[in-house]
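Worksheet: one structure, shown below.
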Amino acid sequence: NHLIVSAIEHPAVLETCRFLETVGYRVTYLEVDEYGLVAPQTLRDALSPDTILVSVMLANNEVGTIQPVAELSRVTHEAGALFHTDAVQAAGKIPIDVDALNVDLLTLSGHKFHGPKGVGALYVKRGVVLSPLVHGGRQEGGLRAGTENVPGIVGMGKAAELARDTIARAADVARLRDALHEQIVRRLPDAALNGHPEHRLPNTLNLTLPGLRGESLVVALDQHGISLSSGSACKSGSPEPTHVLIAMGKPAEDVHCSIRLSLAHDTSAADIDTTVTALDRVLEEMETTVRFLPCK
């Protein structure tokens, strides 16, 4: 009855685990380092004879850090447990090979690679037996009752095909991301990168901007046509600091001064210039107005 997950999982995993704790399961939340990485030894120390499942996301949705999933799954299998990875954020951005990762279960969501919302996929390794959560009809091989969402399924399948081309542009997207990072640092020299400097998604840029409240920047840049967030998009508007940066050891005041910018496969150099121009205008406005709250 023992489950192990990382402390920086998406709420889709964390909240499920918290519910399972109320019905008798024991859950261990793995610590991460300052980059958001789970160390294989940390997992090895947490495993016990009654561990049935380990879940560590392939790539974090807030800072982009890519986990050593192949190594973590190997450690898990040595202990006789199953390994699941949430690959929702990674899909369409980096190659995903279930054989190379050696995972038993892997989840995807279509909207993360420009597919329709409300449809996802679960990869189940041959030999892994699941019990259905929804009972009724025998659709989806008896695993999920209910008439299939054919438009959603077809749309997600087509989006997955097209995502192969977007993955091929990953290096270009990463160069644009780094160019944006460089321009921000020129204007705000104290800006600090959150996440691993190398092992991260090519489209994700999460920064702490000391002295500037992330929420204020989100609102101000939105007025200039630039969309960004001060945490997970799923928790946008929440006053609570993001659990990801807290788990990475960031002080609360730094967390409140953090922003996340995400690029798409069709982001252009002109888009980067537009963003930088908007940032310049916002910074000028901040010098003449009191509506931007300082980070405290």
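We did not get these values from a lab; they are worked out from the coordinates using the rules stated. Note that the structure is a prediction, hence the values are computed from the model and not measured. Methodologically, a virtual Cβ is constructed for each residue, glycine included, from the backbone with ideal geometry; neighbour enumeration extends over all protein chains shown.
What is the stretch 2-165 by shape, rounded, prolate or oblate, if you read a ≥ b ≥ c off the alpha carbon gyration tensor as root eigenvalues and call it rounded for a/c under 1.5, prolate for a/b larger than b/c, and oblate otherwise? Before the final figure, lay out each step's value.
Numbers: a/c = 1.81, a/b = 1.29, b/c = 1.40.
Here the stretch 2-165 falls in the oblate category.
I need to check one value: relative contact order of the chain, counting alpha carbon pairs closer than 8 Å and at least 6 residues apart, in percent. Write down the numbers at each step before the final one.
Values: 500 pairs, mean separation 49.2, N = 296.
Relative contact order for the chain comes out at 17 percent.
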Residue span Lys158 to Thr277: 0.36 nm per residue of separation minus Cα-Cα distance leaves a gain in nm of 39.3 nm
What full-extension length gain, to one decimal in nm, is calculated for Arg186 and Glu198 as 0.36 nm per residue of separation minus the Cα-Cα distance? 2.3 nm
In sequence order, what are the phi-derived ³J(HN,Hα) couplings for the stretch 145-162 according to the Karplus relation 6.51 cos²θ - 1.76 cosθ + 1.60 with θ = phi - 60°, rounded to whole Hz, with x for glycine and proline? 6, x, 4, 5, 7, 4, x, x, 5, 5, x, 5, x, 5, 4, 5, 4, 5
Once the Cα atoms of helix 11-22 and of the chain are each reduced to a long axis, what angle between those two axes, in degrees from 0 to 90 to the nearest 10, is obtained? 50 degrees
Let me know the shape class of the chain, please: from the alpha-carbon gyration tensor, a ≥ b ≥ c as square roots of the eigenvalues, rounded when a/c is under 1.5, otherwise prolate if a/b is greater than b/c, or oblate. prolate
Using only helices, what value at 222 nm comes out for the chain when you add -39,500 (n - 2.57) per DSSP H run of length 4 or more and divide by the total residues, to the nearest 500 deg cm²/dmol? -10500 deg cm²/dmol
Expressed as an acute angle from 0 to 90° and rounded to the nearest 10, what is the orientation of the C-alpha long axis of helix 69-78 relative to the principal long axis of the chain? 30 degrees
Taking 2.2 N^0.38 Å as the expected size of a compact globular protein, what ratio does the Cα radius of gyration of the stretch 169-286 give against it, to two decimals? 1.00
If you average the alpha carbon positions of the stretch 176-192 and of the stretch 61-110, how far apart do those two centres end up, in angstrom? 30 Å
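Cross-link list Lys112/Lys250; Lys93/Lys125; Lys117/Lys158: which exceed 24 angstrom alpha carbon to alpha carbon? Show your work: numbers first, answer last.
Working: Lys112/Lys250 27 Å; Lys93/Lys125 22 Å; Lys117/Lys158 13 Å.
From the list (Lys112/Lys250; Lys93/Lys125; Lys117/Lys158), the Cα-Cα distance tops 24 Å for Lys112/Lys250.
Add +1 for every Lys or Arg and -1 for every Asp or Glu among the other residues with Cβ under 12 Å from the Cβ of Pro202, and state the total.
Computed value for this residue: +2.
Show me 74-82, 148-156 ranked by packing, highest mean number of other Cβ atoms within 10 Å first. List each step's numbers first, then the result.
Values: 74-82: 16.3, 148-156: 14.4.
The densest-packed peptide leads the list: 74-82, 148-156.
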